[in-house]
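The values are calculated or read from the model by the stated rules, or taken from the named source; none is laboratory data. Model, not experiment: these values are computed from the prediction. Cβ placement follows ideal geometry from the backbone for every residue including glycine, while neighbour counts extend to all protein chains displayed.
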Amino acid sequence: MCRDNKKDFLKNLPINYPLGIVYLNGVPVRVSTFLNQNHETGLAYFMDEDGQAVVIDIAKIDGIGFGEADAE
């Protein structure tokens, strides 16, 4: 997924959209919701299961899992 496609995809997600996992360079990062993205900085903001903000560089996102994340 190229960076522009990821930005466009995230741009179309509504605020507080439920997610399960964001893959960062192949490593799963559990998230519960998408918050927003900053087009100028290239950062995306998510909330994790504990209600903490998670900031991720969009360029490092490999994939996004929808639904509840399975325990590993």
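Brief remarks on what is shown
- Condition check for residue 22: assigned to a strand (DSSP E or B), exposed (fewer than 15 other Cβ atoms within 10 Å of the Cβ) and out of contact with any Ser or Thr (no Cβ under 6 Å at 6 or more places or on another chain): no
- For the range 53-69, a tally of residues being free of Cβ contacts under 8 Å to residues at least 24 places away in the same chain and crowded, with 16+ Cβ neighbours inside 10 Å returns 0.
- Of all residues in the range 29-52 being aromatic (Phe, Trp, Tyr) and out of contact with any Ser or Thr (no Cβ under 7 Å at 6 or more places or on another chain), the one that is surrounded by the most Cβ atoms within 10 Å (Cβ to Cβ): 34
- Counting only residues that are surrounded by 10 or more Cβ atoms within 10 Å (Cβ to Cβ) and either basic (Lys, Arg) or closer than 16 Å to residue 63 by Cα (or both), the range 3-19 holds 11 of them.
- Members of the range 27-43 found to be over 10 Å from the mean Cα position of the chain (by Cα), at pLDDT 90 or above and assigned to a loop (DSSP other than H, G, I, E, B), listed by number: 40, 41, 42
- Residues that are over 12 Å from the mean Cα position of the chain (by Cα) and at positive phi within the range 2-26 comprise 25, 26, listed in sequence order.
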